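Engineer: Below you will find the structure I want to go over with you.
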Amino acid sequence: MSGFSLSSEPFTLERDCDAVMVPQGETVTLPAGQIGYITQALGGSFTVYVEGNLFRVAGKDADALGKEPPPPIELPDDATDADVEKLVWQQLRTVFDPEIPVNVVELGLVYDVSLDAVEGGRKVYVKMTLTAPGCGMGDILIDDARTKLELIPTVQEADVDLVFDPPWNHSMMSEIAKLETGML
């Protein structure tokens, strides 16, 4: 991703805002009044271009960009494990690398999902990998997945394990991901 493009949306930060530098993964605070451009708004988070650098802003800070935060997740009182697992996959589809406009599920980065009953709800286990082992955004993607899964009603804890076996390769991508990234 090169940063600013003709489709980028300008913004002025309405308040101080935590952000993560892309691809380094370092957390910084962007000051109120900072001017920049939203280059990607996917999965409830935003990639912004500020003074020649890219940053990821979490959905919970959408108001700082003048945007609406994602709506809360709803689950019926009589939800089954299958209902919760469906929501788990939906939430994982909202996890995006700030530099790639394809979610981690379509990229083939999620290897396994399982649920266990625990006191007061459920625990979710996810095995996930990265497109490259040295990806500076790896911890951020793992934390994003965990945080989004723990927003699901009845999910008490989400354990997202980063694994590298089997090694990820382009054949693990969905047809949609290959088309989006020009690898089809």
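Engineer: Mind sorting out which of [x] 18.4; [y] 14.8; [z] 11.2 is the real mean projected area of the Cα convex hull in nm² computed from the coordinates?
Structural biologist: Given [x] 18.4; [y] 14.8; [z] 11.2, the structure-derived one carries the label [z].
Engineer: Using Cα springs under 10 Å in a Gaussian network model of the chain, which residue among Thr39, Thr147, Thr80 shows the largest mean-square fluctuation?
Structural biologist: Among Thr39, Thr147, Thr80, the largest GNM mean-square fluctuation belongs to Thr80.
Engineer: Rank-order 50-57, 170-177 by packing density, defined as the average count of other C-beta atoms within 10 Å over each peptide's residues, highest first. Can you show the working numbers first?
Structural biologist: Working: 50-57: 18.2, 170-177: 14.4.
Ranking, from highest mean packing down: 50-57, 170-177.
Engineer: Any chance you could look up the accessible area of Glu85 with a 1.4 Å probe, heavy atoms only, rounded to 10 Å²?
Structural biologist: The accessible area of Glu85 comes to roughly 70 Å².
Engineer: Among the DSSP beta bridges whose two residues both lie in the chain, what percent are antiparallel, rounded to the nearest 5? Intermediate results must be reported in sequence, preceding the final value.
Structural biologist: Details: 30 of 37 bridges.
Taking every DSSP beta bridge within the chain, about 80 percent pair in antiparallel fashion.
Engineer: How do Lys123, Lys60 stack up against each other in accessible area, from largest to smallest, with a 1.4 angstrom probe? Working shown, then result.
Structural biologist: Values: Lys123 35, Lys60 150 Å².
Accessible-area ranking of Lys123, Lys60, largest first: Lys60, Lys123.
Engineer: Sort Leu115, Leu92, Leu151 by heavy-atom solvent-accessible area, probe 1.4 angstrom, most to least. Can you show the working numbers first?
Structural biologist: Numbers: Leu115 35, Leu92 0, Leu151 105 Å².
Correct descending sequence by accessible area is Leu151, Leu115, Leu92.
Engineer: Okay, moving on. Which residue fluctuates most in the GNM of the chain (Cα springs below 10 Å): Asp139, Asp18, Asp77?
Structural biologist: Asp77
Engineer: Follow-up question, since we're still on this one. Any idea of the accessible area per residue across the chain, 1.4 Å probe, to the nearest Å²?
Structural biologist: 53
Engineer: Calculate how steeply helix 138-149 sits against the longest principal axis of the alpha-carbon atoms of the chain, using the helix alpha-carbon long axis, and give the answer as 0 to 90 degrees to the nearest 10.
Structural biologist: The two axes meet at around 60 degrees.
Engineer: Another question, then. When the helices in the chain are scored as -39500 (n - 2.57) per DSSP H run of 4 or longer and the sum is shared across all residues, what 222 nm value do you end up with, to the nearest 500 deg cm²/dmol?
Structural biologist: Value at 222 nm, helices only: -5000 deg cm²/dmol.
Engineer: Now a separate question. At a 1.4 Å probe radius, carbon and sulfur cover how many percent of the accessible area of region 88-184?
Structural biologist: Working: 2450 of 4740 Å².
Percent of accessible area from carbon and sulfur atoms in region 88-184: 52.
The values are calculated or read from the model by the stated rules, or taken from the named source; none is laboratory data. Since we're looking at a predicted model, the values are computed, not measured. Virtual Cβ from ideal backbone geometry, glycine too; neighbours counted across all protein chains shown. All accessible areas refer to the heavy atoms of the entire protein, side chains included, with ligands and DNA or RNA removed. Shrake-Rupley method; radii C 1.70, N 1.55, O 1.52, S 1.80 Å.
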